[in-house]
Amino acid sequence: EYRGEDKQECIELLNELKKYFCELEGKKFTPITKLRPGMKILVSELDGKIIGYISYKFIDNEHWSYARKRIKINNFVVSEKYRGKGIGKKMIDKVFEIGRKLGAETVIIVSNIKNKRVTGYYKKLGFEEYSVKLRKDVSKE
């Protein structure tokens, strides 16, 4: 369970994740300095050190036609050194459990299309592709 004193370690993990995505997309890395407000946070600890972080939000939106009640995972990262040991699966399973208790119909997580390894991992955990997001960078025109 997340405690306020875990904040700096969580930010360090998020920066590890952000740095990876900046490299993937060829963008400049600017460190995260604070956690996003309004999110619930779960952490995984080993010997008093935060090695996993997941933030999520429960959404109940009567205007959404599919899965009105859902959990949206915002950020999910396990320290690179501890990947492949089942930590991420335990964290996702905990979010699934929380979702069921809250009456959620589905859990949503977004993955960068270029990150095939992570997308494959999410599929192994039972996630399915259901949508495609498109974007256009107009800042360079």
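How high is the relative contact order of region 1-75, in percent, with contacts defined as C-alpha pairs under 8 Å that are six or more residues apart? If you can, show how the numbers build up before the last one.
On the way: 88 pairs, mean separation 19.1, N = 75.
So the answer I get is 25 percent.
Please compute the net charge surrounding residue 60, taking Lys and Arg as +1 and Asp and Glu as -1 over other residues with Cβ under 12 Å from its Cβ.
+3
Using a 1.4 Å probe on the protein heavy atoms, what percent of the accessible area of the chain belongs to carbon and sulfur? The partial results should precede the final answer.
On the way: 5100 of 10000 Å².
Carbon plus sulfur share of accessible area: 51 percent.
If each residue of separation counts as 0.36 nm, what is the full-extension length gain between residue 46 and residue 133 once their alpha-carbon separation is subtracted?
Extending this stretch completely gives an extra 27.7 nm.
I'd like to check one number: the per residue accessible area of region 77-127, probe 1.4 Å, reported in Å² as a whole number.
Per residue, region 77-127 has an accessible area of 64 Å².
Compare the peptides 26-33, 41-48 by average per-residue count of other Cβ atoms within 10 angstrom and give them in order, highest first.
Numbers: 26-33: 9.6, 41-48: 13.8.
Taking the mean over residues of other Cβ atoms within 10 Å, the ranking is 41-48, 26-33.
For the chain, take N as its residue count and report Rg(C-alpha) divided by 2.2 N^0.38 Å.
Cα-based Rg divided by the globular estimate yields 1.10.
Normalising by the residue count of the chain, find the relative contact order in percent from Cα pairs under 8 Å and 6+ residues apart.
So the answer I get is 18 percent.
Past 19 Å, Cα to Cα: identify those pairs from 34/101; 34/123; 90/124; 69/133; 7/49; 90/116, in the order given.
On the way: 34/101 29 Å; 34/123 30 Å; 90/124 13 Å; 69/133 21 Å; 7/49 12 Å; 90/116 21 Å.
Where the Cα-Cα span goes over 19 Å, the pairs concerned are 34/101; 34/123; 69/133; 90/116.
Which length gain, in nm to one decimal place, applies between residue 21 and residue 87 when the Cα-Cα distance is subtracted from 0.36 nm times their residue separation?
Extra length available between residue 21 and residue 87 comes to 21.7 nm.
Return the whole-Å distance between the Cα centroid of region 26-83 and the Cα centroid of region 84-120.
With region 26-83 and region 84-120 each reduced to a Cα centre, they are spaced 10 Å.
The values are calculated or read from the model by the stated rules, or taken from the named source; none is laboratory data. Computed from a prediction, not measured in an experiment: that's the story for all the values here. Ideal geometry is used to build each Cβ from the backbone, glycine not excepted, and the neighbour counts take in all protein chains shown. Side chains are part of the model used for accessible areas, which takes the heavy atoms of the whole protein and leaves out ligands, DNA and RNA. Shrake-Rupley method; radii C 1.70, N 1.55, O 1.52, S 1.80 Å.
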